[in-house]
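The values are calculated or read from the model by the stated rules, or taken from the named source; none is laboratory data. These numbers were taken from a predicted model, which means no experiment stands behind them. Ideal geometry is used to build each Cβ from the backbone, glycine not excepted, and the neighbour counts take in all protein chains shown.
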Amino acid sequence: MVVWKPKIIAFTCWCSSSGVDQAGFEGFKYPANVLTVRVPCSAIVNPSLVVKALQEGADAVLLTACKPVELRKIAPSRITEARVSLLRRLLNTVGVEEDRVRILWISSNEGGIFASEVSRIVEEVEKLGPLNLRGKMIEQP
Amino acid sequence: MSSPETELRRLARSLLEKKAVDLVIGYEKSEAGVRPCFISEPNEAERLVWNPDCRLSLVRYLRGFKEKRVGIIVKGCDGRAIVELIKENQLDRRSTFIIAVECNGVYKPVKYGSSKLGRQIAEYCEKCEVRISPIRDHLIKSDVKALERPSPKNDGEPLDWLSLFRKCLRCMACVRSCPFCYCTECSIEGFKPALVHKLVDPVELFTFHLTRALHMAGRCVECGACESSCPVEIPLTRLYHELNEWFREKYGYVPGVNLEQAPPPLVFKEGEKP
């Protein structure tokens, strides 16, 4: 029997992806089921792409963003936060666990925090179980 | 007092005779109830009708007549749609003459073959609070008593949305009938590779409906155009209502009620931090 492991897609913004690199440099260990996609800014991630990731077989989607307090004048992370909160409400309505989409505040020097947070998230997603959207949508009642 | 229908015809005739408008968009009688009609001659104004079958939103047609002065017959929800479209710079208020008719709710569409007796008011009309368009040039009051409204159902019972999405035929009738789906390049069909293909992978229906819901969030005026044009009767308005509730809770914003209030995603206050 094949042991199921959660598959997590992480959209990392420019700054926090160097935080993810930091985790590698400093030798922190974090689960290998997180696949990172580097994007210029977390606010560029279209929520449709998050939904698409879930459709294509991801069990959870993670967005890492700069902390809004660290930005100078405008905070694009605020947009990301609002979008994620809206998307979670929508997922909750259609009957998908809302904890499958998360936001994580990571600065460029916080490799350790990234590693520990991701391990925690992987454990939580393991408890939620596989999403199996394809199975749910294709199965006939 | 004359009936709203007579008043509507008289108004449309006088507007066209005075050349205040080039065209009046309204409803006319057809075999299946009513259908939209475009009237440009004063003596054609007798074709206009007004009854609880006029559920279709005519705002969709306004963008096709950008060069003309258009008179349009609107219900409360259609008026809200016009307000939202003006905010999004899609309509010119000066070239539109808005004839608001007091709406008492519309009937659900008749299923093919079923009788027309004992028809029910649509579900989205039960929740409606705006019966008269918030923006108008002329108001026609209706003297008919409000349609029989069943006691407001508690819509707490959750629907099995995944199995409802499974029924979807991808006919795009919801997209084509919606007053807000005006993008010339639709993000659902326009991406390369496409976000949703027009093939038969059922799992893409999930992405399609969630994307559409996300695009309607904070804009949907719950006119029910998508729901009543859906051939498999997916109660889409209920899904969009849920997201509008999020906007109401977070920003206190109700789409289409106030012309001065900008949509929250477009507003940014300096120094605003979560």
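For B:L117, state whether it is at pLDDT below 80 and surrounded by fewer than 11 Cβ atoms within 10 Å (Cβ to Cβ).
Spelling it out, B:L117 is indeed at pLDDT below 80 and surrounded by fewer than 11 Cβ atoms within 10 Å (Cβ to Cβ).
Failed condition for B:I25, given (1) closer than 23 Å to B:N104 by Cα; (2) assigned to a helix (DSSP H, G or I); (3) touching a Phe, Trp or Tyr at 6+ places or on another chain (Cβ under 7 Å), with all others met?
Just one mismatch for B:I25, condition (2).
Report those helices (runs of 4 or more DSSP H) wholly inside the stretch A:69-141 carrying at least 2 residues which are among the aliphatic types (A, V, I, L, M) and modelled with pLDDT of 90 or more.
On the way: elements: A:76-94, A:111-128, A:133-138.
In the stretch A:69-141, the matching helices (runs of 4 or more DSSP H) lie at A:76-94, A:111-128.
Could you list all residues from the stretch B:209-231 that are touching a Lys or Arg at 6+ places or on another chain (Cβ under 6 Å) and at pLDDT 90 or above? If you could, list the steps in order and put the result at the bottom.
We begin by selecting, within the stretch B:209-231, every residue touching a Lys or Arg at 6+ places or on another chain (Cβ under 6 Å); these are B:221, B:228.
Hit for the stretch B:209-231 is B:V221, nothing else.
So, in the stretch B:42-65, how many residues would count as being small (G, A, S), out of contact with any Leu (no Cβ under 8 Å at 6 or more places or on another chain) and assigned to a helix (DSSP H, G or I)?
Step one: filter the stretch B:42-65 for residues small (G, A, S), giving B:45, B:57, B:64.
Add one more test, that the residue is out of contact with any Leu (no Cβ under 8 Å at 6 or more places or on another chain), and what stays is B:57, B:64.
Within this subset, residues satisfying the condition of being assigned to a helix (DSSP H, G or I) are B:64.
Qualifying residue count, the stretch B:42-65: 1.
How about the stretch B:182-230: which of its residues are hydrophobic (A, V, I, L, M, F, W, C), under 30 Å from B:I121 (Cα atoms) and within 13 Å of chain A (Cβ to nearest Cβ)?
Initially, the stretch B:182-230 is screened for residues hydrophobic (A, V, I, L, M, F, W, C), giving B:183, B:186, B:188, B:191, B:194-196, B:199-200, B:203, B:205-206, B:208, B:210, B:213-214, B:216-217, B:220-221, B:223, B:225-226, B:230.
If we keep only those that are under 30 Å from B:I121 (Cα atoms) as well, we get B:205-206, B:208, B:210, B:213-214, B:216-217, B:220-221, B:223, B:225-226, B:230.
Answer for the stretch B:182-230, where residues must be hydrophobic (A, V, I, L, M, F, W, C), under 30 Å from B:I121 (Cα atoms) and within 13 Å of chain A (Cβ to nearest Cβ): B:L205, B:F206, B:F208, B:L210, B:A213, B:L214, B:M216, B:A217, B:C220.
Six or more apart or on different chains, Cβ atoms under 9 Å: show the pairs whose first residue is in the stretch A:121-141 and within 14 Å of another protein chain (Cβ to nearest Cβ) and whose second is among the aromatic types (F, W, Y) and surrounded by 14 or more Cβ atoms within 10 Å (Cβ to Cβ).
Listed by first residue and then by second, the contacts come to A:L133/B:F206; A:K136/B:F206; A:M137/B:F165; A:M137/B:F206.
Does B:A45 satisfy the criteria of being closer than 20 Å to B:V101 by Cβ and buried (at least 16 other Cβ atoms within 10 Å of the Cβ)? Walk me through how you get there before you give the answer.
Details: closer than 20 Å to B:V101 by Cβ: yes; buried (at least 16 other Cβ atoms within 10 Å of the Cβ): yes.
The answer is yes for B:A45.
Looking only at residues in the stretch B:232-274 that are of a type outside the set (A, V, I, L, M), part of a helix (DSSP H, G or I) and at pLDDT below 85, which one is nearest to A:A75 (Cα to Cα)?
Let us first name the residues in the stretch B:232-274 that are of a type outside the set (A, V, I, L, M), namely B:233, B:235, B:237-238, B:240-242, B:244-253, B:255-256, B:258, B:260-261, B:263-265, B:268-274.
Those still in the list that are part of a helix (DSSP H, G or I) too: B:237-238, B:240-242, B:244-251, B:264-265.
Within this subset, residues satisfying the condition of being at pLDDT below 85 are B:264-265.
Working: B:P264: 15, B:P265: 13 Å.
The selected residue is B:P265.
Among the residues of the stretch A:61-78, write down those that are surrounded by 19 or more Cβ atoms within 10 Å (Cβ to Cβ) and either under 30 Å from B:L239 (Cβ atoms) or at the interface with chain B (Cβ under 10 Å from one of its Cβ atoms) (or both).
Result: A:V61, A:L62, A:L63, A:T64, A:A65, A:A75, A:S77.
I'm checking my understanding of the structure. Among residues of the stretch A:21-38 that are polar (S, T, N, Q) and not in a loop (DSSP other than H, G, I, E, B), which one is farthest from A:I9 (Cα to Cα)?
Start the filter on the stretch A:21-38 by keeping residues that are polar (S, T, N, Q), which leaves A:22, A:33, A:36.
Going one step further and asking which of them are not in a loop (DSSP other than H, G, I, E, B), we end up with A:22, A:36.
Working: A:Q22: 19, A:T36: 6 Å.
The selected residue is A:Q22.
From the list B:R69, B:R60, which one is at pLDDT 85 or above, closer than 26 Å to B:L239 by Cβ and surrounded by 12 or more Cβ atoms within 10 Å (Cβ to Cβ)? Full working, then the answer.
Numbers: B:R69 fails: closer than 26 Å to B:L239 by Cβ.
When all the criteria are applied, what remains is B:R60.
Go through (1) more than 9 Å from every other protein chain (Cβ to nearest Cβ); (2) at pLDDT 90 or above; (3) surrounded by 15 or more Cβ atoms within 10 Å (Cβ to Cβ) and name the single condition A:P47 misses.
So the condition that A:P47 fails would be (1).
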